[in-house]
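Okay, structure first, notes after.
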Amino acid sequence: MPSILITGANRGIGKRLAELYDADGWTVIAASRDPANCNAPGEKIALDVTDDTSVAAAAEALSGRPIDVLWNNAGVYLDKNVPLDRLDLDKWEETFRVNTIGPMRLVRALMDNVARSDRKTLAFTTSKMGSISLLSSGAYAYRSSKTALNMAVAVLTKDVAPQGIKTVLLHPGWVRTDMGGGGADIDTDASAAGMKSVVDAHDMAQSGKFLNFDGREFSW
Ligand SMILES: NC(=O)c1ccc[n+]([C@@H]2O[C@H](COP(=O)([O-])OP(=O)(O)OC[C@H]3O[C@@H](n4cnc5c(N)ncnc54)[C@H](OP(=O)(O)O)[C@@H]3O)[C@@H](O)[C@H]2O)c1
């Protein structure tokens, strides 16, 4: 069966993704900062996407194993409802470390695993808040971190195409999680099931697209 590694698999959207892939018979590698307290199904692995040592240890543990889908899902929204004049700039940097640089650090470390697999897919949970054409106000750190992630993945898409590796950027919807809050539009099941359908059907012709959880394409 195919295999998937999901970051931030201990709660929220990542946990539901792990449950759905496990139910579908995939080999799930559930990555989290604290695997002892991770109740997602599958193999548990320790992974802090901001930490070189943690990522290197995970890569060492997974060395030689194909990973069909590497799903960079972990993220933070540290400036929710915080205006620019009250934004702690360290939080802005931390947001970039988790949301932008973290996924690319992991991609770099696990590229060989993905290249060895059948599906060769790099999935990224981004946000429509990173779209410049759908611009609204506030959330400077979060929005800019996701815009930058989108750009990094756009570049990556071109670089990895010769190896047959494809990418996809996914907006999960506004989801009822710790991050999305209780008043959000949809639950984790609708979000994760929708994104899983999109990724299951993803092919090289669609590589690099910025898609909603229901498959609709977003403008950058
Ligand atoms: N919920 C929404 O409405 C919404 C909308 C658009 C996009 N998104 C995106 O969807 C993704 C998942 O969000 P969610 O709603 O499920 O959020 P969540 O419930 O707050 O979960 C966030 C996950 O990210 C993990 N994480 C944070 N920092 C990390 C780090 N340094 N290394 C590894 N893992 C780390 C958390 O682990 P800990 O438990 O250890 O903190 C947790 O598992 C994020 O990328 C988010 O930006 C969400």
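The values are calculated or read from the model by the stated rules, or taken from the named source; none is laboratory data. Predicted model only: the values in this text are computed from it and were never measured. Note that each Cβ is placed from the backbone with ideal geometry, even for glycine, and that neighbours are counted across all protein chains shown. Side chains included, ligands, DNA and RNA excluded: accessible areas come from the protein's heavy atoms. Shrake-Rupley method; radii C 1.70, N 1.55, O 1.52, S 1.80 Å.
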For region 26-125 the trypsin sites (Lys or Arg not before Pro) that pass both the DSSP coil test and the at-most-13 other-Cβ-within-10 Å test are Lys80, Arg116
Highest GNM mean-square fluctuation among Asp22, Asp52, Asp200, for the chain with Cα springs under 10 Å, belongs to Asp200
Using a 1.4 Å probe on heavy atoms of the protein chains only, the accessible area for Ser127 in Å², nearest 10, reads 10 Å²
When the charge dipole of the chain is computed with +1 on Lys and Arg Cβ and -1 on Asp and Glu Cβ about the Cα centre, the Cα farthest towards its positive end, among Trp220, Ala201, Gly138, belongs to Trp220
Computed over region 3-212, protein heavy atoms only, probe 1.4 angstrom, the accessible area per residue in square angstrom equals 44 Å²
Expected vector for region 204-220, Karplus 3J(HN,Hα) from phi with 6.51, -1.76, 1.60 and θ = phi - 60°, integer Hz, x for Gly and Pro, equals 4, 5, 9, 4, x, 6, 10, 10, 6, 4, 9, x, 5, 8, 9, 8, 5
Percent antiparallel among DSSP beta bridges confined to the chain, nearest 5, equals 5 percent
Computed about the Cα centre, the charge dipole of the chain from +1 Lys/Arg and -1 Asp/Glu charges at the Cβ has a magnitude in debye, to the nearest 20, of 360 debye
Mean shadow area (nm²) of the C-alpha convex hull around the chain is 11.3 nm²
The set of residues whose placed amide H lies less than 5 Å from the amide H of Ala184, leaving out same-chain residues fewer than 5 positions away, is none
Asserting the computed 222 nm helical MRE of the chain (DSSP H runs at least 4 long, -39500 (n - 2.57) per run, divided by residue count, to nearest 500) equals -11000 deg cm²/dmol
Filtering trypsin sites (Lys or Arg not before Pro) in region 159-220 by DSSP loop and by at most 16 other Cβ atoms within 10 Å leaves Arg216
Per the 1/(1 + (r/R0)^6) rule, R0 = 30 Å and r from the Cβ atoms of Leu134 and Ser63, FRET efficiency to 0.05 is 0.15
Amide H proximity to Thr126 below 5 Å, modelled H, separation 5+ or other chain, gives Leu170, His171
Taking alpha-carbon centroids only, region 154-220 lies from region 55-87 a number of Å equal to 15 Å
Hydrodynamic radius by Kirkwood for region 132-220, inverse mean 1/r across distinct Cα pairs, in Å, is 14.2 Å
Surpassing 29 Å at the alpha-carbon level, of the pairs Lys44/Lys166; Lys15/Lys146; Lys44/Lys120; Lys44/Lys196, are none
Amide H contacts under 5 Å for Thr167, restricted to residues at least 5 apart in sequence or on another chain and with H modeled in the peptide plane, are Leu122, Gly208
Expressed in nanometres to one decimal, the distance between label points 7 Å along Cα→Cβ at Ala201 and Val155 is 3.2 nm
For the chain, the charge dipole (Cβ of Lys, Arg +1; Cβ of Asp, Glu -1; about the Cα centre) points to a positive end, and the Cα of Asn72, Cys38, Asn10 closest to that extreme belongs to Asn72
Rounded to the nearest whole number, the Stokes-Einstein translational diffusion coefficient of region 107-162 at 20 °C and 1.002 mPa s (Kirkwood radius, C-alpha pairs) in µm²/s is 168 µm²/s
